[in-house]
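Here, each number is a calculation from the coordinates, and none is a lab measurement. No experiment lies behind these values; they were computed from the predicted model shown. Using ideal geometry, Cβ is built from the backbone for each residue, glycine included, and neighbour counts are taken over all protein chains shown.
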Amino acid sequence: MSLLRKINAKSKYGEFDTNGDSEITASELAKVTGIPLNEAKDYIKKYDTNKNMTLDSEEFEDLKDMILAQQRLSNHINSKMKLSDIDKNGDGKVSAAELAKVCGITRQQAREIIKKVDKNGNNYLDQDEFLVLKNQILSQQRQKIKYKIKPTTTIKSMDKNSDGKLSAAELSKATNITLKEAEEIIGQYDKNGDGFLDAAEFKDLKDQILSQQTKKLISGINENTNFKDIDKNGDKTLTAKELSEAVNISLKKAEALINKYDKNKDHVLDSSEFADLKKQILGQQTQKILSQIKPNTTICEIVGI
């Protein structure tokens, strides 16, 4: 789950202030939206203008406004969009005014969005910066179905009319997203341009989704990660909550990982099962490093000297 899916124009402050004390804590935001606690803390830190580590009603509205702006941005920018589609004056860059007009957001919201990817600090988006923003949006679109796509998911399980390809309607129904969202996702992987996903195109989508799912976990577990450090209550088992908090992933993702490595099916990981998970993660980290080493790469470049 993400804030883009959980917060909408109808969202009310009271829905997130679960104890009714007129303050939204990181724990409340994480619980209601399903995002990791650390991610909720980051959001609160950004919009907490009075620095009391919570959100009052006005601060929540600021967060809500930015989420709605990102949603509108996601609705307007797709895999086929080019910088020239937004760059109305043809100067090779996108201003806040141009982004705001095309995407239906305010100039201030557009300025904040540009600021996040504006590497050279000129308050515009050049071609490279636009591609970074575009890829972030496409990634957000894929995030909407990440819990519906599993290692065992096949195109046949979604292809209800058994024609060997996946339509936007079928993807929409299988993953509980809108038809437009499904069309956008299909557009990212539809290499032959027929408006459908064949088996190979679906595999590309699936591989990308699974890669996104493991990215946070790979960064959260390393050679020095100790089972006892994560097992906070010392009961020699690792719960989904303990795993979620230790590596900053959602509870739902932690549950899925435990289910995958839980050999005795007791819904927790013992030290042996955790060792299998850790071994898999370390293997992926090694593969990532090896993929970045080329024939002319020097040892100094590898160790960062």
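Relative to the current alpha-carbon distance between Ala97 and Asp85, full extension at 0.36 nm per residue lengthens the span by 3.0 nm. Under the simplified labelling scheme, the Thr225-Ser57 pair shows an inter-label distance of 4.3 nm, with each label point 7 Å from Cα along Cα→Cβ.
With N residues in the chain, what two-decimal value do you get for its Cα radius of gyration over 2.2 N^0.38 Å? Spell out each step's value before the answer.
Details: Rg = 21.6 Å, N = 305, 2.2 N^0.38 = 19.3 Å.
The value comes to 1.12.
Of the peptides 28-40, 188-200, the ranking by mean beta-carbon count within 10 Å, highest at the top, reads 28-40, 188-200.
Region 163-210 and region 1-53 have Cα centres separated by 32 Å. The reciprocal of the average 1/r between distinct C-alpha atoms defines the Kirkwood hydrodynamic radius, which for region 19-70 equals 11.0 Å.
Rg/Rh for region 30-186 to two decimals, with Rh computed the Kirkwood way over all alpha-carbon pairs.
Details: Rg = 18.3 Å, Rh = 17.8 Å.
Reported Rg/Rh (Cα atoms, Kirkwood Rh): 1.03.
Averaging sequence separations of C-alpha pairs under 8 Å and six or more residues apart, then dividing by the length of region 20-179, give the relative contact order as a whole percent.
13 percent.
Sorting Arg107, Arg142 from the fewest to the most surrounding beta carbons within 10 angstrom yields Arg107, Arg142. Quote the FRET efficiency, to the nearest 0.05, computed for Glu23 versus Arg72 with a Förster distance R0 of 22 Å and r equal to the Cβ-Cβ distance. E(calc), rounded to 0.05, equals 0.20.
If a/c stays under 1.5 just call it rounded; otherwise compare a/b with b/c (prolate if a/b is bigger, oblate if not). Do that for region 134-208, with a ≥ b ≥ c from the square roots of the Cα gyration tensor eigenvalues. List each step's numbers first, then the result.
On the way: a/c = 1.38, a/b = 1.25, b/c = 1.11.
It comes out rounded by the Cα gyration axes.
With 0.36 nm allotted per residue and the present C-alpha distance subtracted, the Lys180-Lys252 stretch has 23.4 nm of extension available.
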